[in-house]
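The structure under discussion appears below in the form of C-alpha cells.
The values are calculated or read from the model by the stated rules, or taken from the named source; none is laboratory data. Treat the numbers as computed from the prediction; the structure is a model and nothing was measured. For neighbour counting, all protein chains shown are included, and Cβ atoms are generated from backbone atoms with ideal geometry for every residue, glycine included.
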Amino acid sequence: MELFRNLWGIFWMLFFFGGSIFIHEFGHFWIAKKRGLRVPKFSIGFGPSLFSWKRGETTYCLALFPLGGYVALPQMGEIPILEGKENDTLQPISFTSKCLVAVMGAVFNILFAFVLACLLWVVGLKTPAQERTRTLGYVLPTYNNVETPAAKAGLKQGDEILAVDGTPIEAFSDIEKRIILSTGHDTNQQPQAEVTYKRNGNIFKAILDLMRVQTNPVTKDEVRFSGIAAPQQELVIEAFEAGSFAEKSGLRKGDKLLQVNDVPLYSIMDLREYLNKKKPQTVTFLVERKGETMRIACETKTEIQTRGWLRYGNETDYVDGYEGEDGVYLLNTVGDKFSAVPNEGHILTCNGASVQNAQQLSELIKTATARSIMLEVEAHGLRRIVVLPNDGETVTVHPAETVQRVGIAFAQPMRTVHESPFGQFKKAVGSTFETLGCLVNRNSDVKMKHLMGAPGIMRVLHRFSIDDFRRLLWFMVILNINLAILNLLPIPVLDGGHILFAVIEKIRRKPLPPKCILGIQNVFVMLFLGLMAYVIFFDLRRWQGDVQSEAEQRRLEKLQVPVHMK
C-alpha cells in the first residue's frame with residue numbers, strides 16, 4: 001500500500017512539475033510558430049538528450065536534467081551554452097514579435113494557474129476552522145528556558161492581533177508569516193517587529209524583540225520567532241479516555257468548555273498549561289450545552305506521557321532505548337559506530353544480567369569493564385546477540401515525564417474555503433513580490449539559500465499529492481504565478497531579458513551588436529547556473545536535515561504513551 005502511495009505521488013509530481021515547464025515553453029513555441037519564427041528545438045530539461053524526434057524543422061527532446069526547459073529561437077538571440085549554435089543566416093524579426101514571444105511563456109503559466117485556481121474554487125481547500133481568527137489562543141511562555149518575545153511584551157491569550165509592522169492581519173497564519181518576513185531591527189541589529197493588538201476593546205502596540213530559532217539541523221536555517229503558538233479555538237468535547245474521570249463526571253460529547261476554575265479557556269494548549277502548572281486534584285469547568293451554561297466538577301489524574309529512555313554513545317554516534325511495559329526496548333540508532341545495531345527489539349540481558357528498566361541497564365553499562373557490551377535482543381520472535389563498543393561512550397538516563405489529565409479529546413473542526421481565482425491570484429502575486437523584496441533587503445533574514453529549487457519543489461508536490469490533492473492544486477497555482485513573475489524580471493537569460501533587449505533596440509532604432517548580446521547572455525547563463533547549483537545544494541542539504549527531523553519525530557512518537565479514547 002505504501003509503495004502504491006509513493007508511486008501515485010511520484011506520478012502526479014512529475015505530471016505537474018513537467019506540465020508547468022511544458023506549458024511555459026509551449027507558450028513560446030506556439031506564438032513563435034504563429035509569428036513565423038524559426039524554431040529548431042523544443043526541449044524539456046537541459047543537458048544531453050534522453051530521447052528526441054524531429055517533425056518539420058523542429059527537434060523535440062526530453063533532456064537529462066529536468067530543471068527547466070527551452071525553445072531554441074535563434075532570431076531572439078542565441079544562447080549556445082544552453083541551446084547550441086545556429087549557423088543559418090536568419091531574417092530579423094519585429095519588436096512586436098520579440099515581445100510577444102518573450103512574454104507568452106509567462107502568459108501560458110498564468111492561464112494554467114487560472115484553470116487550476118478555478119478548479120480549486122469549485123472543490124475548495126480544507127483548512128482548520130480556527131485559522132480565520134486573529135485572536136491568540138496560546139502564547140508560549142518560554143522557549144529553551146528563555147522567555148519568548150510575545151510573553152516578554154505582555155501579549156496574552158485572548159488578544160486580537162490587528163497588524164504586524166503596520167500590515168493588516170486577516171488570519172492567524174498571517175501573523176507567523178509577517179513575523180518571519182519582517183525586516184525591523186533595534187540599534188544592536190537584533191530583529192524586532194511591532195504588533196498592534198486589541199484587548200478588552202482597547203487598541204495597543206507592542207515591540208517584540210524577536211528570537212531566531214533553528215528549523216533545520218543540517219543547513220542551520222533560522223527564522224524569526226515570536227512565541228505566538230496557537231489561535232483561539234472552541235473546546236468542544238469529541239471523545240473521552242476510557243475509564244477517565246471526565247467520562248464519569250457528567251460531561252458529555254458536544255459540550256463546549258468555556259472556563260476552568262473561573263479561568264477563561266482559549267485553546268487546548270491553554271488548558272494543558274493550566275493543568276500542568278497548577279496540578280489541581282479537582283477542577284470545575286464552565287460548560288455550554290445546547291445554549292445553556294452549567295458548572296461541572298471533574299477530578300484530574302497524573303499519568304505518564306513520555307516513557308523513560310536512555311542514550312548510549314556520543315554526540316554523533318549513539319543508540320537509544322526506552323522503557324516499555326515489560327522491560328527496555330531498542331528505539332533507534334544514529335551513526336556508523338552503531339550501524340549494526342537494530343532499531344527495534346526487546347533487550348533481555350546485558351552482559352548476561354537480566355534487564356528490567358532503563359536505570360538498571362545504565363548501571364550495567366557503567367560497570368562493564370570489557371571492551372564490548374553484549375546485549376541479548378529479541379525481535380519478531382528471534383533472539384540475537386548485539387555487540388556495543390565500550391571505549392569511552394557515555395550513558396544518560398532520561399526519566400519518564402508525567403502530565404495532569406482529565407481524559408478529554410477535543411474536536412478539530414475543518415472548514416472548506418472556496419476562494420475565488422482572483423483572491424488566490426492576489427495572495428500569490430503579493431507573496432511573490434514580498435519574497436523578492438526580502439531578498440534584496442539587507443535587513444531581512446530571508447536569503448538566497450532559503451529559496452526552493454527543483455528538488456524542494458518536487459518534494460512538496462510529492463507530499464501534497466499523497467496527503468491532500470487540493471493542497472497540491474493550491475501549490476501549483478502559486479508555483480505557476482511564481483514562474484510567470486520571475487521569468488518576466490528584466491534579467492538577461494530570462495524572458496524579461498529578451499524584452500529588455502528589444503526595448504533598448506527600439507529606443508536606439510538599431511539592433512544591439514550580436515557579440516554584445518552573446519557576451520551578456522553567456523555571463524548571465526553562468527551566473528544563473530551557479531545560482532541554480534547554490535539553491536539545489538541547500539535544497540538537498542535541507543532534505544537531509546528534514547530526514548533527520550522526521551526520524552527524531554518518529555523517535556518521540558514511540559516514546560509517547562498511547563491514550564485510548566472512545
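Residue by residue, here is whether (1) within 24 Å of G407 (Cβ to Cβ); (2) in contact with a helix residue (DSSP H, G or I) (Cβ under 7 Å, 6 or more places away or on another chain) holds:
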position	(1), (2)
K290	yes, no
T293	yes, no
T302	yes, no
G308	yes, yes
R311	no, no
G324	yes, no
**Message:** With the requirement that a residue be touching a Ser or Thr at 6+ places or on another chain (Cβ under 8 Å) and assigned to a loop (DSSP other than H, G, I, E, B), what does the range 146-165 give you?
**Reply:** T148, Q157, G158, D159, D165
**Only one of N343, N390 that is more than 30 Å from the chain's Cα centre (by Cα) and not basic (K, R)** = N390
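The rows are residues; the columns are (1) touching a Gly at 6+ places or on another chain (Cβ under 7 Å); (2) part of a helix (DSSP H, G or I); (3) at pLDDT 80 or above; (4) more than 18 Å from G19 (Cα to Cα).
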| site | (1), (2), (3), (4) |
| --- | --- |
| V39 | no, no, yes, yes |
| F42 | no, no, yes, no |
| L62 | yes, no, yes, no |
| F65 | yes, no, no, no |
| Q75 | no, yes, no, yes |
**Item:** Enumeration of residues in the range 128-142 that are surrounded by fewer than 17 Cβ atoms within 10 Å (Cβ to Cβ) and in a strand (DSSP E or B)
**Value:** P128, T142
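Here is a yes/no grid of residues against (1) out of contact with any Asp or Glu (no Cβ under 9 Å at 6 or more places or on another chain); (2) of a type in the set (S, T, N, Q); (3) in the same structural domain as I161 (by TED's automatic domain parsing):
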site	(1), (2), (3)
H185	yes, no, yes
A206	no, no, yes
N216	no, yes, yes
K220	yes, no, yes
E247	no, no, no
G254	no, no, no
**Message:** So, in the range 434-453, exactly how many residues are in a helix (DSSP H, G or I), exposed (fewer than 12 other Cβ atoms within 10 Å of the Cβ) and out of contact with any Leu (no Cβ under 8 Å at 6 or more places or on another chain)?
**Reply:** 1
**Asked** Being touching a helix residue (DSSP H, G or I) at 6+ places or on another chain (Cβ under 7 Å) and surrounded by 17 or more Cβ atoms within 10 Å (Cβ to Cβ), is that true of even one residue in the range 502-514?
**Response** yes
**Request:** Scan T196, T167, T219, T187 and give me the residue that is of a type in the set (S, T, N, Q) and touching a residue at least 40 places away in the same chain (Cβ under 8 Å).
**Result:** T219
**Asked** What pairs can you find where one residue is in the range 241-258 and within 17 Å of Q412 (Cβ to Cβ) and of a type outside the set (F, W, Y), the other is at pLDDT 95 or above and not in a strand (DSSP E or B), and their Cβ atoms are less than 6 Å apart, with a gap of 6+ or different chains?
**Response** L257/L265
**Request:** Can you confirm whether the range 471-494 contains a residue that is farther than 20 Å from I110 by Cβ, at pLDDT 90 or above and surrounded by 14 or more Cβ atoms within 10 Å (Cβ to Cβ)?
**Result:** yes
**Complete:** Screening L364, L331, L382, L388 for residues that are under 25 Å from E550 (Cβ atoms) and either surrounded by 18 or more Cβ atoms within 10 Å (Cβ to Cβ) or of a type in the set (A, V, I, L, M, F, W, C) (or both) leaves only L331
**Request:** Taking A358 as the residue in question, decide whether it is surrounded by fewer than 19 Cβ atoms within 10 Å (Cβ to Cβ) and either over 29 Å from the mean Cα position of the chain (by Cα) or more than 15 Å from T396 (Cα to Cα) (or both).
**Result:** no
**Complete:** Residue hits (the range 326-381; in a loop (DSSP other than H, G, I, E, B) and touching an Asp or Glu at 6+ places or on another chain (Cβ under 7 Å)) are G335, G345, N357, R371
**Item:** the range 398-452, residues that are among the charged types (D, E, K, R) and closer than 30 Å to T306 by Cα
**Value:** E401, R405
**Asked** For residues in the range 395-426 being within 19 Å of L251 (Cβ to Cβ) and small (G, A, S), which is surrounded by the most Cβ atoms within 10 Å (Cβ to Cβ)?
**Response** G407
**Message:** Against the condition at pLDDT 95 or above and either in a helix (DSSP H, G or I) or under 30 Å from F17 (Cβ atoms) (or both), how does L116 come out, does it pass?
**Reply:** yes
**Message:** Can you tell me how many residues within the range 478-504 are assigned to a helix (DSSP H, G or I) and more than 27 Å from the chain's Cα centre (by Cα)?
**Reply:** 10
**Prompt:** Tally time: how many residues in the range 238-260 are at pLDDT 95 or above and touching a helix residue (DSSP H, G or I) at 6+ places or on another chain (Cβ under 9 Å)?
**Reply:** 2
**Prompt:** Quick check: is even one residue across the range 320-340 more than 33 Å from the chain's Cα centre (by Cα), of a type outside the set (A, V, I, L, M) and at pLDDT 90 or above?
**Reply:** yes
**Item:** Candidate set from the range 433-451 (those that are over 19 Å from the mean Cα position of the chain (by Cα) and of a type in the set (S, T, N, Q)); member that is farthest from K220 (Cα to Cα)
**Value:** N441
**Asked** Just a yes or no: is a residue in the range 215-222 among the acidic types (D, E) and at pLDDT below 95?
**Response** yes
**Prompt:** Among the residues of the range 259-270, which ones are over 18 Å from E401 (Cα atoms) and touching a residue at least 12 places away in the same chain (Cβ under 8 Å)?
**Reply:** Q259, V260, N261, D262, P264, L265, Y266, S267, I268, D270
**Message:** Against the condition assigned to a helix (DSSP H, G or I), among the hydroxyl-bearing types (S, T, Y) and over 23 Å from A102 (Cα atoms), how does S431 come out, does it pass?
**Reply:** yes
**Request:** Starting from the range 19-48, take each residue that is under 14 Å from Y60 (Cβ atoms) and list its partners that are of a type in the set (G, A, S) and in a helix (DSSP H, G or I), counting only C-beta distances under 6 angstrom and pairs at least six apart or across chains.
**Result:** H28/G105; V39/A32
**Complete:** Taking the range 293-310 and keeping only residues that are charged (D, E, K, R) and at pLDDT below 95, one is left with E299, K301, E303, R307
